[in-house]
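Report on the structure given below.
Computed from the coordinates by the stated procedures, all read-outs in this text should not be read as laboratory data. A quick note: this is a predicted structure, and the numbers were derived from the prediction, not measured. We place every Cβ from the backbone using ideal geometry, glycine too, and count neighbours over all the protein chains shown.
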Amino acid sequence: MFNFFKKRDIKSEYDAQLLDLINQLKENWDYAQKTQDAVADADIQIQQETALAKQKYFYIYKEARRRRVRNDHIQPSVINYDRTE
């Protein structure tokens with residue numbers, strides 16, 4: 001039959017969406033930083049877009065910290081490949 005009364009784990013679904021959003025915002029912020037660094041004469045609009053991307057990332061990151069959301073993998077932007085041992 002149908003499981004109309006099956007309990008869904010809504011918190012974990014929204015936590016997964018929040019983690020996906022954090023990863024996406026981090027990529028957007030990294031892209032904005034690289035764009036600003038690549039442009040020789042960065043105007044105020046590019047600087048504002050980079051600052052906005054940074055603020056969006058940190059806002060969502062703080063929300064995830066408040067909700068005690070845990071991630072099970074490391075973002076590629078955190079890993080430093082230029083390290084010599």
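Key figures for this structure:
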quantity: Karplus-derived 3J(HN,Hα), 6.51/-1.76/1.60, for each residue of segment 35-43, Hz, glycine and proline x; calculated: 5, 5, 5, 6, 7, 5, 10, 5, 8
quantity: Compactness relative to 2.2 N^0.38 Å, alpha carbon Rg of segment 12-67; calculated: 1.30
quantity: Ascending count of other beta-carbon atoms within 10 Å, so fewest first, for E49, E13; calculated: E13, E49
quantity: For segment 45-59, 3J(HN,Hα) per residue [Karplus equation, 6.51 cos²θ - 1.76 cosθ + 1.60, θ = phi - 60°, Hz, x = Gly/Pro]; calculated: 5, 5, 5, 5, 5, 5, 5, 5, 4, 5, 5, 4, 4, 5, 5
quantity: Theoretical gain in end-to-end length, D9 to Y61 [0.36 nm per residue, Cα-Cα removed]; calculated: 16.5 nm
quantity: Hz values of 3J(HN,Hα) by residue in segment 12-23 - Karplus curve (6.51, -1.76, 1.60), Gly and Pro given as x; calculated: 5, 5, 6, 5, 5, 5, 5, 5, 4, 5, 4, 4
